[in-house]
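**Q** Right, I'll just put the structure down here and ask away after.
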Amino acid sequence: MTAARKAGRLALLGLVAVSLATAPAAGQDGAAVYGKYCSQCHGDNGDGQGVAAPYLKPWPRDFTAGKYKIRSTPTGGLPTDADLHMVIREGLPYTAMPAFPNLSDAELDAVVQVIQGFSPDFEDPEAQIPPIAIPDPPQWTEERAERGLQVYGETGCGRCHGDVGRGDGMSAPTLTDDWGQPIRVADLTMPWTFRGGGTRRDIFRTMSTGFNGTPMPGFHGALPEEDIWAIVDYIASLSGNTVDEPYQNLVRSVPRAGGLELEKADELFAEAPKAMFRVVGQVVQPGRHFQPSIYAIGLQAVHNRRDIAFRVSWHDMRAETTGVSGPDLEAPSWGDVLTALGVGRGPGGGSGDEGDGGDIWGGAAEESSDPWGDAVADDGGSGDDVWGDAVADDAGGGDDVWGDAVADEGSDDIWGQAETSAPEGPTGPRAEFADAVALQFPLQNPSGVRLPYFLLGDSENGVQLWFADLAAGQPRLYSANGSDKVVPGDAEPPEMIASYDQGEWSVVFKSPRRVPGSGLEFADDAFVPLALTVWDGFMRDRGNRRGLTPWYYVHVEPIDRPSPVGPMVKAGVGVLAIELLLIGLVRFAARRKRNAAESA
Amino acid sequence: MKLVVVLPMLAVLLGLRFVKPRMIVWLAAWWAAIFVTLRFGFATPIPVSVVKLYMGIVTLALTAYILADRERMRQVREPLTAFLVEQRYQPALMAVAVLIPVLAAVQVWAGMTAEAQPPSFARTVHPAPPDSITVHGTDYPLGTQDNPYRSLEGTNPAEFEERLQDGRRVYYENCFYCHGDLMAGQGLYASGLNPIPTNFQDPGTIAMLREAFLFWRISKGAPGLPEEGGPWQSAMPAWEKFLSDEEMWNVILFLYDFTDSRPRAVEAHS
């Protein structure tokens, strides 16, 4: 780096350096570290308005507010130095905040000083609340987990996190943080996504201290410690005490005697192992989707001699069963997304109030003033929009519907009615875009290693989509030779059945193993490439605005598996015969030699 | 190299010089020490098939060493013959004679019941680039093309710094979801992608490539890869759809600056 460039860079960091007058020695280093690693998101002034901020969900922390989620101090307290060190060292899972294992302890100290310097709170001695002691976790027990379920219910955790912890509570779609930004409720079945960490110790800390600036309260003092541990053990039980990502790259289709009856899906897939695949945003082509709401998707498969059935399941905060869906719908263009993102607008602005197309969740250039990007914001005159009406009643026609809706208990009633009037499942209000899912397979079994391009194929290698329209409850078949060449398929689509229960969609497809109208066959012992796409109507996903996976495989386990006994016996006897021959020859030679010696 | 494994193995082989064991023990010790070193002694494991190949060569070499000398051959042959012939070894011989076929049968069983592995594709990570590419109507001869803004580093540091800042903006608006904040390939989506995003901190990536190569990979993305690069599976977008040529050259400047590395220079052309 030349001296001139160094000088230019330091000048850029000037703003940061200003706040470091108290610690000039550490400040220089801290400012450099902050400038290189932090300011792109958190902003030169620590206000969370860096260049990347508009693309991120959740938004980067606004350090000037002094409100921190991950702490060891009680609700409202500031994080300790150790808390900030931990967050920087380990990062926040499933957010854009990475781990920084590369920083030295000195650099870490220095950058923590810079961060604290952005908020005057850190200089206020009265704001320094001592941390809560986090005890060593007791051994996980079944009994405590069972009691935890009870405490979970009594404490009302399910109102946001859902009755079985899938992040689908009634309030979930309405929650915002102190900056007016919509925030997602944690899916308690996936501890590897927990911002504060997924170990039982981490969960105890999060439960005790809460997340400042969000609706997540701290229960230290409000619940006895043993009750908090009970809830912790219940939450741990939801993932089978799994803390790390359980993702796979293969699903095994297991043989099943008899017919594959879609109506008995639970029984049908009882023996089928569930592979979890990570879902990522479609960021490769126009319609880019930076933070898809679905983290992971589960896949199971069974087959008999004639048919194969797949069950796709994923957690969704709310079922959108109205509106349109399809892989061929037009997604917002890149330019529109950029305009809608309003690059340069700060997170402090509260996009929900501004109504200037700050549709960050939705990422669309539509007129929505709704921070979730849900279509409900266009409720202007549509009287039959359940959600629109509900919001209008709640908020008295005010613009700031989300805050009121959260505070107003009345919203629960609306949900209650919506649920009873829609016995099919707790579906959301009328949405513009419906939830949908699709399985992607090649048009024919690949002959070599070459597969179709994982994003809907290419001109030479096409793909087929088994698409589930969850508004109509109907399957559709598409074929595609690239994102811009998606056409309805000619053949009969596979059979499909779908259900939504307690925050989980479950969609079952069934097709003959020799797929009609295509060159694809799920032959015995074959590895068939497959990819998944999921659209969340709540997030206005449609077309190429979607969550997806790259190519994975399904292995069709042979129905008639050859017994290993025959080949085992053959191998054993063969080896034994060679051994005996060898021993015999050596002994024969040795005897001859001895005889020769004796006779001599 | 895992010194915890390699050093004890060296110690064993050195120790053999002082202990002077019997020839057959010496043989077995050498064979085993080399095997353990190859199999467990490397931080990045050597593939099992390659280890097998190496051990085949080792076996041949040791055999040649024995065969080359009549006395050594005798030292090996005599105990072996004794084991196969003499009455006092009879029980041990019978045990071995049974054990080996059983092991063979177990191996067959393991092979037939092993969990099936999906087909894998050994993609070429840095395939050869084409002679030239056209981006937004401009032809770039990749063999001779240099970053048009690289020279500003010496001639106009202020503008160079501006370009770095623009590259930084481009990176954090577009690239870090996959390649990560630290450019170590550990972005938010990394665990959901196959192949995983490139780690620019690895000296085997951008530090050994020319800027024109990066420009080709960035502008044309996965769809522009030759077959050996697996264009169907990489999630690298063709950034020419989203970024101007200038933005792509700027982000390349930023990649090298952030990772404190230098691009490989254009080789002299006659």
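**Q** What number comes out for accessible area per residue over region A:142-238 if the probe is 1.4 Å? Units Å², please.
**A** 36 Å²
**Q** OK, next. Determine the share of region B:132-258's accessible area contributed by carbon and sulfur atoms, expressed in whole percent, with a 1.4 angstrom probe.
**A** Answer for region B:132-258: carbon and sulfur cover 52 percent of the accessible area.
**Q** Would you mind estimating how fast region B:132-258 diffuses translationally, via Stokes-Einstein at 10 °C and 1.306 mPa s with the Kirkwood radius over Cα pairs, in µm²/s?
**A** After rounding, the answer is 106 µm²/s.
**Q** Turning to a different aspect of this structure: Counting other Cβ atoms within 10 Å, keep those with at most 16, restrict to DSSP loop, and tell me which trypsin sites (Lys or Arg not before Pro) in region A:173-278 are left.
**A** The qualifying sites are A:Lys274.
**Q** Name the residues of region A:279-299 whose accessible area falls by at least 50 Å² when all protein chains are present instead of the chain alone, probe 1.4 Å?
**A** A:Val280, A:Val284, A:Arg288
**Q** Restricting attention to region B:24-118, which GluC sites (Glu not before Pro) occupy a DSSP loop and are surrounded by at most 10 other Cβ atoms within 10 Å? Can you show the working numbers first?
**A** Numbers: sites: B:Glu71, B:Glu86, B:Glu115; in loops: B:Glu86, B:Glu115.
For GluC sites (Glu not before Pro) across region B:24-118 that sit outside H, G, I, E and B with at most 10 neighbouring Cβ atoms in 10 Å, the list reads B:Glu115.
**Q** What residue among B:Leu164, B:Leu253, B:Leu93 has the largest mean-square fluctuation in a Gaussian network model of chain B, using Cα springs under 10 Å?
**A** In the Gaussian network model the winner is B:Leu93.
**Q** Hey, what's region B:1-155 come to in accessible area per residue, 1.4 Å probe, Å²?
**A** 68 Å²
**Q** Could I ask something else about it? Over the protein assembly as shown, what portion of Cα pair distances is larger than 41 Å, expressed as a whole percent?
**A** Working: 180626 of 378015 pairs.
Looking at the protein assembly as shown, the distances longer than 41 Å represent 48 percent of pairs.
**Q** Mind listing the phi-derived Karplus ³J(HN,Hα) values for region A:37-48, rounded to whole Hz, using 6.51, -1.76 and 1.60 with θ = phi - 60°, and x for any glycine or proline?
**A** Values per residue, Gly and Pro as x: 10, 10, 5, 4, 10, 7, x, 4, 9, x, 8, x Hz.
**Q** Also, quick follow-up: Can you give me the % of accessible surface on region B:3-96 that is carbon or sulfur? Probe 1.4 Å, all protein chains present, nothing else counted. Mind dumping the intermediate values first?
**A** On the way: 4800 of 6590 Å².
Whole-percent figure for carbon plus sulfur exposure: 73.
**Q** I want the antiparallel fraction of DSSP beta bridges within the protein assembly as shown, as a percent rounded to 5.
**A** DSSP beta bridges in the protein assembly as shown are roughly 85 percent antiparallel.
**Q** What lysines could a cross-link reach from B:Lys2, if we take a straight Cα to Cα line under 30 Å and drop same-chain neighbours fewer than 8 places away?
**A** B:Lys20, B:Lys52
**Q** Convert each backbone phi in region A:585-592 into a coupling constant with the Karplus relation 6.51 cos²θ - 1.76 cosθ + 1.60 (shift: θ = phi - 60°), then list the ³J(HN,Hα) values in order as whole Hz, x for Gly and Pro.
**A** With coefficients 6.51, -1.76 and 1.60, one gets 4, 5, 5, 4, 4, 5, 5, 4 Hz.
**Q** Shifting gears a bit: How much net charge surrounds A:Gly213 when only the other residues with a Cβ under 10 Å from the Cβ of A:Gly213 are counted, with Lys and Arg +1 and Asp and Glu -1? Before the final figure, lay out the partial values.
**A** On the way: positive: A:Arg61, A:Lys67, A:Lys69; negative: A:Asp62, A:Asp177, A:Asp178.
Overall, the nearby charge balance is 0.
**Q** Hey, which lysines would be in cross-link range of A:Lys69, C-alpha to C-alpha under 29 Å, not counting anything within fewer than 8 residues on its own chain?
**A** A:Lys36, A:Lys57
**Q** Would you mind getting the accessible area per residue of region A:466-558, heavy atoms of the protein chains only, 1.4 Å probe, in Å²?
**A** Numbers: 2920 Å² over 93 residues.
Computed with neighbouring chains in place, this is 31 Å² per residue.
**Q** Another one. How far, in degrees from 0 to 90, does helix B:3-19 lean away from the longest principal axis of the Cα atoms of chain B, to the nearest 10?
**A** Orientation of helix B:3-19: about 30 degrees from the principal axis.
**Q** Can I ask one more? Checking an interface number: how much accessible area is buried between B and A, summed over both chains, with a 1.4 Å probe, in Å² rounded to 100?
**A** Answer for the B-A pair: about 5400 Å² buried.
**Q** Each residue of region A:107-116 in order: what ³J(HN,Hα) in whole Hz does its phi give by Karplus 6.51 cos²θ - 1.76 cosθ + 1.60, θ = phi - 60°, with x for Gly and Pro?
**A** 5, 5, 4, 5, 6, 5, 4, 4, 5, 5
**Q** Given a cut-off of under 8 Å on Cα pairs at least six residues apart, what relative contact order in percent is computed for region A:142-238?
**A** It rounds to 34 percent for region A:142-238.
**Q** I would also like to ask the following. Once the other residues with Cβ under 11 Å from the Cβ of A:Phe290 are scored (Lys, Arg +1; Asp, Glu -1), what is the net sum? Spell out each step's value before the answer.
**A** Details: positive: A:Lys57, A:Arg288, A:Arg545; negative: B:Glu173.
The answer is +2.
**Q** Return the loop-located GluC sites (Glu not before Pro) in region B:210-270 (DSSP other than H, G, I, E, B) with at most 12 other Cβ atoms within 10 Å of their own Cβ; answer none if there are none. Display every interim value, and only then the final one.
**A** Values: sites: B:Glu211, B:Glu227, B:Glu228, B:Glu240, B:Glu246, B:Glu247, B:Glu267; in loops: B:Glu267.
Those that pass, being in a loop and sparsely packed, are B:Glu267.
**Q** Enter the mean projected area of the convex hull around the alpha-carbon atoms of region B:3-96, in nm², rounded to one decimal. Spell out each step's value before the answer.
**A** Details: hull surface 30.9 nm².
Across all orientations, region B:3-96 yields a mean hull projection of 7.7 nm².
**Q** Keeping all protein chains in position, work out how much accessible area A:Leu465 exposes to a 1.4 Å probe, and write it in Å² to the nearest 10.
**A** The value for A:Leu465 is about 0 Å².
**Q** At a 1.4 Å probe radius, carbon and sulfur cover how many percent of the accessible area of region A:196-282?
**A** The computed percentage sits at 48.
**Q** Once amide H atoms are placed 1.01 Å from N in the peptide plane, what residues at a sequence separation of 5 or more from A:Met170, or on another chain, have their amide H within under 5 Å of its amide H?
**A** Under 5 Å from the amide H of A:Met170: A:Gly162.
The values are calculated or read from the model by the stated rules, or taken from the named source; none is laboratory data. On a predicted model such as this, the values are computed, not experimentally measured, just so you know. Because the Cβ atoms are built from the backbone with ideal geometry, glycine has one as well, and the counts that use them run over all protein chains shown. Remember, those area values only see protein heavy atoms, side chains included, never the ligands or the DNA or RNA. Shrake-Rupley method; radii C 1.70, N 1.55, O 1.52, S 1.80 Å.
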